1. List the residue pairs whose Cβ atoms are under 8 Å apart, where the first residue sits in the range 200-216 and is in contact (Cβ under 8 Å) with a residue 24 or more places away in the chain and of a type in the set (K, R), the second is surrounded by 17 or more Cβ atoms within 10 Å (Cβ to Cβ) and part of a loop (DSSP other than H, G, I, E, B), and the two are 6 or more positions apart or on different chains.
2. In the range 217-234, how many are within 31 Å of the chain's Cα centre (by Cα) and under 13 Å from R198 (Cα atoms)?
3. Identify, please: which residue in the range 263-302 is touching a residue at least 40 places away in the same chain (Cβ under 8 Å) and hydroxyl-bearing (S, T, Y) and is, among those, farthest from L323 (Cα to Cα)?
4. Residue by residue through the range 318-360, note down the ones that are more than 22 Å from E50 (Cα to Cα), part of a helix (DSSP H, G or I) and hydrophobic (A, V, I, L, M, F, W, C).
5. Any idea how many residues of the range 87-109 are more than 28 Å from L353 (Cα to Cα) and either of a type in the set (D, E) or open to solvent by 40 Å² or more (accessible area, probe 1.4 Å) (or both)?
6. Are any of the residues in the range 362-385 within 30 Å of Y37 (Cα to Cα), in a loop (DSSP other than H, G, I, E, B), at pLDDT below 95 and open to solvent by less than 70 Å² (accessible area, probe 1.4 Å)?
7. Of all residues in the range 103-151, which are within 22 Å of the chain's Cα centre (by Cα) and of a type in the set (V, I, T)?
8. Could you please find all residues in the range 224-253 being open to solvent by less than 10 Å² (accessible area, probe 1.4 Å) and not in a helix (DSSP H, G or I)?
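The values are calculated or read from the model by the stated rules, or taken from the named source; none is laboratory data. Values in this document were obtained by computation on a predicted structure and should not be read as measured data. Here the Cβ is made from the backbone with ideal geometry for all residues, glycine too, and neighbour counts use every protein chain on show. We work out accessible area using only protein heavy atoms, side chains counted, and drop any ligands, DNA or RNA first. Shrake-Rupley method; radii C 1.70, N 1.55, O 1.52, S 1.80 Å.
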Amino acid sequence: METSTRDGPAESHGKGDSSVPVPPSEGGISADEIALYDRQIRLWGMKAQEKIRNARILLITMKALANEIAKNLVLAGIGSLTVVDHETVTEADLGAQFFLSTEGNHVGMNRAAAASAAIQRLNPRVRVAVDTADIRTKPPAFFADFDIVIATDLDAQTLNVINTATRLNNRAFYAASSHGMYGFIFADLIEHDFVIERTKSNMATSLGPETKTRSIVAVSPKKDSSGGDDPKIELATKRELYSTWLLASDVSKLPDDILKSSRRRKVVTPVLSCLRALWEFTTLYGGVPSSNDHAALAQFTRLCGDKHKALGLPVETLRSEVLRSFLQNIGAEIAPVAAVLGGQLAQDVINVLGQTQQPIQNFVIFDGITLDANMAGMGVPAISNGGIGTFGATMLPPVVPSVDPSQVIALDD
């Protein structure tokens with residue numbers, strides 16, 4: 001591991017070694033920090049910035065998407081960032097990963113260690129730690145040392161294991177990946193409270209369910225500059241419930257309000273079906289479908305059809321050109337797409353830490369071809385007056401493939 005501090009360069013502790021991230025210095029935000037973060041303090045307030053300053057973030061897999069996430073979080077002034085990656089830098093990594101370069105002789109180095117110096121230069125006040133061990137070797141207790149865990153570009157099984165560990169330790173979890181022009185963000189905040197400032201209505205705000213996943217748990221008047229109650233503004237504390245990766249990524253159906261509307265079902269991106277098929281394919285076969293393997297492409301196409309129909313989506317929206325484009329993009333890194341996804345995820349992390357904005361609930365599916373970024377709550381527990389039930393988590397029976405595999409085999413058309 002290599003750990004760099006605010007006061008000096010990185011110090012080597014040996015490959016695969018792990019350590020607890022060093023917390024920020026005690027006390028309030030200093031005058032120079034207030035000057036440095038003035039613009040964002042004006043946006044979300046001093047209390048939110050103090051929470052951000054004390055945050056301990058774990059970031060797994062340092063590829064293009066994680067580069068963007070790290071950049072945004074470090075510039076925002078988080079307390080510490082621990083980067084875990086056991087892979088070495090290859091020539092392919094130099095294309096879209098701006099922390100790496102040929103001039104830095106990074107090829108052959110550990111990927112996290114190679115990026116750490118550039119990350120530290122972005123903001124010397126942030127503690128940056130590097131762990132070169134395989135994240136799959138970490139025990140559940142490892143994740144307890146962090147406030148938020150962000151896992152990028154990992155297979156579905158590994159994401160499930162990490163999410164299980166974060167749940168055991170009551171830690172917020174994000175998963176994300178980019179495949180060329182496509183990608184996703186997933187959030188499991190377990191149970192997250194946030195405060196919204198809003199104008200008072202003529203009727204008193206009632207406590208209780210607001211949506212199927214969100215409830216209002218407290219309301220109080222905002223204090224004015226003199227310390228008294230502001231008669232026009234109130235602070236509403238809301239609570240959002242979340243689902244696990246396992247439930248949301250495969251076994252759950254779409255929310256009922258989408259399934260009951262033929263118009264809304266038609267606009268659900270087929271990329272969701274493709275991603276679900278990819279997650280299952282990698283679980284079954286240990287890797288992504290090869291463009292030279294006719295049988296693998298046919299199996300992936302069948303899985304896409306299965307997932308699409310299981311979601312209750314119209315057959316006609318899963319077109320052969322969508323499947324072909326998705327297959328051609330698997331494993332690719334495109335810097336603008338990584339920037340969009342990484343920026344959105346990092347901003348949501350900031351919102352969660354500050355607790356003043358509505359966070360992601362719970363999937364964002366990005367399609368860079370159509371420039372859509374649809375969000376849907378998958379497999380999320382529903383709130384009712386009688387307690388918590390299951391919302392959108394029904395396992396549908398096996399279905400007949402809705403797409404002919406021969407439609408997408410020719411990837412070089």
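1. K212/P255; K212/G377; K212/V380; K212/F391; R214/Q361
2. 2
3. Here the residue is T283.
4. V322, L323, F326, L327, A335, V337, A338, A339, V340, L341, listed by residue number.
5. Residues in the range 87-109 being more than 28 Å from L353 (Cα to Cα) and either of a type in the set (D, E) or open to solvent by 40 Å² or more (accessible area, probe 1.4 Å) (or both): 13 in total.
6. Within the range 362-385, one or more residues are within 30 Å of Y37 (Cα to Cα), in a loop (DSSP other than H, G, I, E, B), at pLDDT below 95 and open to solvent by less than 70 Å² (accessible area, probe 1.4 Å).
7. I119, V126, V128, V130, T132, I135, T137, I148, V149, I150
8. Matches in the range 224-253: A236, E240, Y242, S243, S252.
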